[in-house]
Amino acid sequence: MADDKKLYFIVLSVAFASFLGRLNLYTVNISLPTISHVFNIGTGEASRIVTVYLLVITSFLMFFGKLGDRTGQKNMFIAGYGVFILGSLFCGISTGIVTLIIARAIHGLGSSMLLAASFAIIARVIPEHKLGWGFGINAAATALGVAAGAPLGGIIAEYLSWRGVFLINVPLGLCAMICACRFIPSSVRDHDKISAGFMHKFDFPGAILSFIMLSALFYCNIIGNKHGWISFYTLALIVVFLITLFFFIANEKKHEDPLLDLDILKNSKFSFALSATMMAYMLIAGNAFLLPFYLELVKGLSPSGTGMILLVYSLIYVFVSPYAGKLSDRKNPALLCVIAMAAATVNTLIFSYSIKNSGLIPVFIFLVLFGFAYVFFLSPINNIAMSCSSKGKEGMASGLLNTAINLSMVFGVAIFENVFIVSLDNSAQHGVSLRQLYIPESILLNGFSHAYVAGGLMCFFAMFFSYFAKNSVSSKG
C-alpha cells in the first residue's frame, strides 16, 4: 500500500506538468485579443506569441529527451520547472511585444524540458504492469488543462489582467517543483556531473540539424497556408527540410552517441504505434480548430456556449482516462487501440453526414463517442510506445513521441482548414473573416462535412497502424 501511494504521488507530480503545459496554451489563446489591444498590434504579431511557444517546444523535444537520458530525467524535469517559472515571470512583466515573444520562447523551452522528461519518468519509475494506469492519469491531467484553459484564462484576463495568465504559473510552478524534488526518485544518472567528456560526446550537430529540420517543417505549414502550397517560400522550406533531414539521418548513423538512435524506428511495434498516434492526434487538433466555427457560424452559439459544449469530451477524458489506463494493463493495449479507432472512424464519418441536421444532438452524440473512443486509445498507445524503449533511452523515446504529437497537431489543423476552405468554392480565400462574408449555409455545411470525412480517414489509418502494432513483435530499441 505504501508503494502504491508513493507511485501515485510520482505520477501526480509528472501529470501536473502536462496539466500546466496544456493549460498555458489555452489560457494564453483566450487572452490574445486583450494582449493585441494593450500593445496595439495586429493578429499576425499576436499569433507569434503562440507560434514561437509551439515552435520551441517541438524543435527542442528530441534534444531535451536525449539530454535527460544522459544527465538524469529528474534533473531535467526540475530544471524544466525552473525555466518554465522564469519564462512565465518574464512574460508577466513584459513591456512590449518583442520582449513578450522572447519571454514566450523561454517559456516554451521550459515546457519542452518538462514534456520530454514526463513520459520518460513514468516509463522508468512505474512498473510495467501499471504503465497504462500511469499514462491514464497523465492523459486525464492533460485533458483537464485543455478543459480548464479557456474559461480560466478568460476569468483571469477579465477580472485581473492578461499578465495574471502568466504570473499565476509562478506559485503553481514553485509548488510543483517542490513536489517533484520530494516524490520523484533519482536515478544513477541524476547524480552524475556533466563532464567535459560528456560535452565532447554529445550529438550537437544532430541537435542543430534537428532544430533546423523541425523549424522548416513547422513554418512550411504556416507559410503554405498564407502564400500557397506551391509558392516559392513554401517550396524553399520543403527543400531546406529535405536537405537537413538527409544530413540528420547521415549524422545519426555515424555518431557514436546519436541524438536519435535510429534503431528504435526499426522496432516495428514502436513505429506503428508512433504512426497511429500521429494520425489520431491530427483529428484531435483539427476538431478543436474547426468545431467552434461550426457551433458559432451554423448553430449560432456564443463563445461561452461553444466552450461549454466542447467541455463534454474533455470531461470524459478526465474521469475515464485512469480506468482506461488500468484496462490497458490487463488487456492487450493494441487491441483496445484497434477497437477504439474503429469506433472513432464510424463515429466521425456518421458525424460528417449528420452535421447537416438541425439541433445540437448530433454534435453532443459525436463528442461523447469521440471522448470515449479516444480515452481508450491514448493511454494504451502511450503504453505501447514507451514500453518499447530500452532502459536508459526513455527520454529519447519520449522526445520523439512528443515531437510527433506536436507536429501531427499542426498538420491536423492545416488539413482540416484546407479541406474546409477548398470546399467553399473560393468564397473564403480572400483574407476576410467568415463572419464578414455572405456564404450560404449549405456551402458552409459542405465544407464542414468534407473536413470530417478527412477526419474519418485519419481515424481509419490510426486503426490500420494500431492493428499492425498489435501483430508486431516488440524489441527494446
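The values are calculated or read from the model by the stated rules, or taken from the named source; none is laboratory data. Quantities reported herein were computed from a predicted structural model and do not represent experimental measurements. Cβ placement follows ideal geometry from the backbone for every residue including glycine, while neighbour counts extend to all protein chains displayed. What goes into the accessible areas is simple: the full protein's heavy atoms, side chains included, and nothing from ligands, DNA or RNA. Shrake-Rupley method; radii C 1.70, N 1.55, O 1.52, S 1.80 Å.
Evaluation of L311 against the conditions (1) surrounded by fewer than 18 Cβ atoms within 10 Å (Cβ to Cβ); (2) without any contact (Cβ under 8 Å) to a residue 60 or more places away in the chain shows that the sole unmet condition is (2).
Restricting attention to segment 417-450 and to residues that are open to solvent by less than 40 Å² (accessible area, probe 1.4 Å) and modelled with pLDDT of 85 or more, the residue that is nearest to the chain's Cα centre (by Cα) turns out to be F448. Residue count for segment 284-316, restricted to those that are within 30 Å of H129 (Cβ to Cβ) and touching a Gly at 6+ places or on another chain (Cβ under 6 Å): 2.
The requirement of being aliphatic (A, V, I, L, M), open to solvent by 40 Å² or more (accessible area, probe 1.4 Å), touching a residue at least 40 places away in the same chain (Cβ under 8 Å) and under 25 Å from I122 (Cβ atoms) is not satisfied by L336. Every residue in segment 355-364 that is open to solvent by 60 Å² or more (accessible area, probe 1.4 Å) and in contact (Cβ under 8 Å) with a residue 12 or more places away in the chain, please. Correct list: K356, L360, F364. Selection of first residues in segment 393-406 that are assigned to a loop (DSSP other than H, G, I, E, B) and of second residues that are surrounded by fewer than 24 Cβ atoms within 10 Å (Cβ to Cβ) and polar (S, T, N, Q), restricted to Cβ pairs under 9 Å at least 6 apart or on distinct chains, gives an empty result.
Taking the listed residues S352, S321, the one that is open to solvent by less than 30 Å² (accessible area, probe 1.4 Å), within 19 Å of the chain's Cα centre (by Cα) and among the polar types (S, T, N, Q) is S321, with no other qualifying. Within segment 203-247, the set of residues being assigned to a helix (DSSP H, G or I), polar (S, T, N, Q) and at pLDDT below 90 comprises S210, S215, N221, N225, T234.
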